[in-house]
Structure formats: structure tokens, C-alpha cells
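First comes the structure, then the notes that go with it.
Values in this text are rule-based calculations from the coordinates and carry no lab data. Note that this is a predicted model, so its numbers are computed, not measured. Using ideal geometry, Cβ is built from the backbone for each residue, glycine included, and neighbour counts are taken over all protein chains shown.
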């Protein structure tokens, strides 16, 4: 499939590229940039003013030549590949493997923004996740499918608590549904955003040493990563 490509970069400011004379740009549209040396980068439209578009380049703007950089508007939003093969793997913030393993064969490509959920059509949460931490299980019970925020401050063991939840987490076995609590019916998506190398190494090593990595899809976005 061919898309409109432009060589109308009018300015570069930090991670942003400004393009002029763009026909019908769309907000949040993905843009593929080709540098003069053939290097490929990707970005997303952040702002539109008439026929001008401001694009945030995920990999940074170093080396972008305003006159010779080609920008191709894909007409699509940012999507991430998903597959059961992602379990046990480690990815960066862009969803690319960083564990020296092969690329994941995607079963589907999902919008990273998701879709708004109609509260009236939601399935009532009935499956409890047992963490082994009494303060959470008794007073702040976690339901399956729930996002888990952990609010902390400097010097407190928030990393250790998060790792412990992943290590000990599992579905509570119910008498009428014993098969739901099997290990193969439970997985965790763990995303660490803006962490330093030491923290990223801690989570990776902890999950691998205790054997929980097989049921975890791990995303590591380091503080010095451009994404």
C-alpha cells in the first residue's frame, strides 16, 4: 500500500518535526520518516494547524535533514502486536524485543489507546487475585483484569513489593470453578516506565530467578530511552 510522502520539513525542535503543505493530516496519525542515509524512524502527529503538522519522532531527531528527509503519512494510528508468544519475553517501550529473541509473530494488532468501556456492559469482577500480602488481600483486594497502582515515596521498597506481587500472584481457587485457577489461565503484563538500568536489571533478574518469567510479559522503558 502506498501513502503520501512529503519532503516539506520546515523545522526541527527537540523531538518535534514541523511539516508544511500537508494534505489532510490526522491527529495521532503515525508518520514514517526516511533519513538521507536510508535510516527509518517513526513518529506521531501531535498537533495540526491548517496544512501544517507537528510530529513527535519516537527515536529522536538527531541527523534529520530538513531538505532531504522524506515523511510518509500512513493514515493509521499507533498499534501494538499481541500474541501469546509474548509471555516470557522482554520488550522496550516501542514493543520491540530486547531479549535477543526472535520477533513475535503477531496474532492481532491493537490500538494502544484502547476503547472506552461502557460501564453498563462491563462484566462484574468476581475473580480475586491473591498476592500473598495480607494488607492487600484483606483490605485492598485485587480483581482479575485490574490495573494495580502502587503509590510510594523515595526510600520505600516499592520495587520489591511490585516484584513480590508478580512472584506470588495467582487466582483464588473457587470450588465451583477449579479450572480457572490453573497457572496456564493466568498471566501478568508488567511495564516499568522511565526506570534506570539498575531497576530494570532488578526486575528482570527477580522474575527469571523465581520462575515467574514464563507467565509475565515484561516491558522495560529506561530513563534514557527516546520512546
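Based on the alpha carbons, how large is the Rg to Rh ratio for segment 80-222 when Rh follows Kirkwood? Before the final figure, lay out the partial values.
On the way: Rg = 16.1 Å, Rh = 16.8 Å.
Radius of gyration relative to Kirkwood radius: 0.96.
In terms of the mean number of neighbouring beta-carbon atoms within 10 Å, the peptides 107-115, 27-35 order highest first as 27-35, 107-115. When the square roots of the Cα gyration tensor eigenvalues are ordered a ≥ b ≥ c, the ratio a/c for segment 32-88 is 1.5 or more and a/b does not exceed b/c, which makes its shape oblate. Between the alpha-carbon centres of segment 116-170 and segment 1-33 there is a gap of 41 Å.
The helix-only estimate of mean residue ellipticity at 222 nm for the chain, built from DSSP H runs of length n ≥ 4 each weighted as -39500 (n - 2.57), is -4000 deg cm²/dmol after division by the residue total. Considering only alpha-carbon pairs that sit under 8 angstrom and 6 or more positions apart, the relative contact order computed for the chain is 17 percent.
The C-alpha atoms of the chain define a longest principal axis, and helix 158-168 lies at about 60 degrees to it. Computed across segment 2-105, the Kirkwood hydrodynamic radius from all distinct Cα-Cα pairs reaches 14.7 Å.
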